[in-house]
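Written below as structure tokens is the structure these notes are about.
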Amino acid sequence: PAVDRLIGGIRQFTAWLRKDPLHFSEAIAIEMATALLLTEAALDRSVPDAGFSEQVKEAIERLDALSRGEQVEAVDSSPGLEAARRAQEKEALGHVSREILSSLANIEQTLDDFFRDQHKRAPLAQLSGPLHQIEGALSLLGETDAIELVHAAGETIAGFAEDDSPADSAAFEALAHQLSALGFFVQSLQHGKSTLQQFLNSDATPSPAQADEAVVPAQPADAGTAAADEAAPDTGTPVPEGAGVAGIAPEAAELEEIDLKDTGPDDADAMAAASAEETHEDQPPAAPAIPQVADNTRRLMESSDEEIDAELLCIFIEEAYEVLATVAEQLELSRTEPANGECLTAIRRGFHTLKGSGRMVGLHDFGEAAWALEQTLNRWLQLEWPPTSALHHLIDEAHQHFSAWVVQLESGGSQHRDVSALLAEARRLNESDEPAQESAVGQAEPRAPTADAADAADIIETTLDFDLTLSE
């Protein structure tokens, strides 16, 4: 009844103002906004706050006084109004965050094109616009550290645009990490106070080179770093990571959060060996057994669900639902419009986002599974193959698995899930010499890569791995 009286009072006051709009003033605007906030606060709660009826009575009396031309004095805020104002502020913050993430998406796409082909420098000059927009939005939020990061990133990008010499891969990696951290930080603002440094320093895990060293001790300590530094943009095919996510074979990839595309010659050898051990566990080994992984790596692999940061997990789940909804939508569009390559691009970006989000919150299995799907889609897009029923079926199966996985995580279940059959199919499509037409999901897992296949994996495309959380 109190809410009905309030709505009736607002309706009556609005009808009065419509008869003579010249009566409008700042005081009227404030009182109307207050009445609407009070209404919203009441509708957001199943049971109104104590004293709500008195607040409604006072609000209606103040509106009636204004309609009679009387002056009203400012009143102290009530708990209900404060809650409503906080909700409004959160909504405004969400809008600003979405604008920032949208600008970051445009920047990421342009940089991704440049990192794949450094001849595409001209579009870099156009990034000053969205960078300034991000700085302006962050100024509204008072986030000085983030503003400094964006300013520094702008200088780095300007350097790429002006210098015709080949850019250093280390600069690529640093820029990717900074922008990825900024994206996660902006998303976290809607869920509570966070600091940018938390995300910038979130990679306190063994480096890719150290992880490779733990898997294959005979490899030189700096081999992984050297491979990353010497890798050049190529047109080769990325090699998928291990098939069995439950076992988490490729330690190097799962320890990375932001990396220069997860494959190099040494990484490929380690991944092929790890995959061979898993797929032939019931057969006589064809090569010496893989040494035991390092203790710190095993602790990461066996970390319990409680060790996953609750706040970041909440952000991850919310975003994952949005990304998966987009994947489902684009999949249907791709089925009806196979010639529309933008559909596969959007789906690939969705799995890229899931990979980055999963790694950031410590869901290594989830991130590696998404990585495998991303690599398959990367190959089809690079070769400009049209989508087939086999690829559509793979995406559909992946959508179902990841959706169930997110529900499992949201309900407090295990962070692990057996998607080995799905990843085997992703690897099969990725390694195919021509677009596969029929799905093999449910059939026996393909043989592990041979030594020749591992050697062939030396031809790798170097791409920068932005783990931004974008839903496009």
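Computed values, structure above
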read-out	value
Any chance residue 128 is assigned to a loop (DSSP other than H, G, I, E, B) and of a type outside the set (A, V, I, L, M)	no
Criterion (part of a helix (DSSP H, G or I) and either under 18 Å from residue 117 (Cβ atoms) or assigned by TED's automatic domain parsing to the domain that holds residue 353 (or both)) met by exactly one of 167, 171	171
Among (1) loosely packed, with under 13 Cβ neighbours inside 10 Å; (2) under 15 Å from residue 63 (Cβ atoms); (3) touching a residue at least 24 places away in the same chain (Cβ under 8 Å); (4) not small (Gly, Ala, Ser), the one test that residue 43 misses	(2)
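The values are calculated or read from the model by the stated rules, or taken from the named source; none is laboratory data. A quick note: this is a predicted structure, and the numbers were derived from the prediction, not measured. Cβ sites come from the backbone with ideal geometry, for glycine too, and all protein chains shown count toward neighbours.
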